[in-house]
1. On full extension of the chain, what length is gained from Leu10 through Tyr46, given 0.36 nm per residue of separation minus the C-alpha to C-alpha distance?
2. 7 Å from Cα along Cα→Cβ at both Ile57 and Gln94: what's the point-to-point distance in nm?
3. What does the C-alpha gyration tensor say about the overall shape of the range 41-86? Classify as rounded when a/c is under 1.5, otherwise prolate if a/b is larger than b/c, or oblate.
4. Along the range 104-110, what does the Karplus equation 6.51 cos²θ - 1.76 cosθ + 1.60 (θ = phi - 60°) give for ³J(HN,Hα), rounded to whole Hz, x for Gly and Pro?
5. Of all the C-alpha pairs in the range 1-58, what % are more than 13 Å from each other?
6. May I ask you to work out the translational diffusion coefficient for the chain at 4 °C, viscosity 1.567 mPa s, via Stokes-Einstein with Rh from the Kirkwood sum over Cα pairs, reported in whole µm²/s?
7. Along Cα→Cβ, 7 Å out, is where each label goes; now give me the distance between the ones at Ser105 and Lys38 in nm to one decimal.
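Values in this text are rule-based calculations from the coordinates and carry no lab data. The structure presented is a predicted model; accordingly, all values stated were derived computationally and were not measured. Cβ placement follows ideal geometry from the backbone for every residue including glycine, while neighbour counts extend to all protein chains displayed.
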Amino acid sequence: MEISIFFARLWGSFFIIFGALFIITKQLGKTIEMTDDKAFVISTGYISMLMGLVTVILHNVWVASWEVIITIMGWSTLIKGIMKIGFPEQIHKQAQRFKKKQFVSAFFLIILGVALMWASF
């Protein structure tokens, strides 16, 4: 349970900070534009893969409670990292779909972050 609380707080604060920054600075649109650069996509893929691996190795918990959200995020982050490294042009195509939904995506990040923080206390 201790590791679940740690990851809930880590991922929760990460999502709240990035969601707020995306709304305030409109940085998500700039980040989506940066997916044109394969080197950027691949380098962020290594970071995503590392974050996903750490989460999956330390928290591969499949239970019927809020803790499974952390496991699903770990696996999805790991898969996203692998996709970014192996198929950067596909990531660019997917990112273009989020261009018009920037505010919704950022708002969703904040809601998810708040939910994780709430569950960890």
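1. 11.1 nm
2. With each label point 7 Å from Cα toward Cβ, the separation is 2.3 nm.
3. Prolate, because a/c is 1.5 or more and a/b exceeds b/c.
4. In residue order, the calculated couplings are 4, 4, 5, 5, 4, 4, 5 Hz.
5. Taking all Cα-Cα pairs of the range 1-58, the fraction more than 13 Å apart is 71 percent.
6. 87 µm²/s
7. Here the modelled spin labels are 2.2 nm apart.
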